[in-house]
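What follows is one structure encoded as structure tokens, with my remarks underneath.
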Amino acid sequence: MSVPDVEDFIQQNRVLANQVETYRGYWESEKHWEARREFILRNMDDFKEEQLDHLLSLSMVWANNVFMGCRYSTELLDKVKEMAEGIVVKDAPVFKTRDEIIKNQQGR
């Protein structure tokens, strides 16, 4: 879903949209929330109602990785990246590990 697609979906599914809005954390910026909301909406059909907490956890893993550079196991990151395929985050921060920074400094 692109941003216009997400907005169209939300307008056509107000009850679901209102439910999803309750999952927003008070600390999430509009940019952060719009991306995480899209992740949730894209994947809701793949999770039963009793699995909703699992989906929300995966959405936080994905958002934390994208926006804060948090690292997780390769298996988990592969899963959330697959789930987020096609979600475009404009001006996403780029993070480097300590090892990457040291390697770049040694190459000078």
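The values are calculated or read from the model by the stated rules, or taken from the named source; none is laboratory data. Computed from a prediction, not measured in an experiment: that's the story for all the values here. Cβ sites come from the backbone with ideal geometry, for glycine too, and all protein chains shown count toward neighbours. Side chains are part of the model used for accessible areas, which takes the heavy atoms of the whole protein and leaves out ligands, DNA and RNA. Shrake-Rupley method; radii C 1.70, N 1.55, O 1.52, S 1.80 Å.
Odds and ends about this structure:
- Among the conditions (1) part of a loop (DSSP other than H, G, I, E, B); (2) in contact with a helix residue (DSSP H, G or I) (Cβ under 8 Å, 6 or more places away or on another chain), the only one that Ala63 does not satisfy is (1).
- Extreme residue, least open to solvent (accessible area, probe 1.4 Å), among residues of segment 55-108 that are over 10 Å from the mean Cα position of the chain (by Cα) and among the aromatic types (Phe, Trp, Tyr): Tyr72
- For segment 32-54, residues that are part of a helix (DSSP H, G or I) and open to solvent by 90 Å² or more (accessible area, probe 1.4 Å) total 6.
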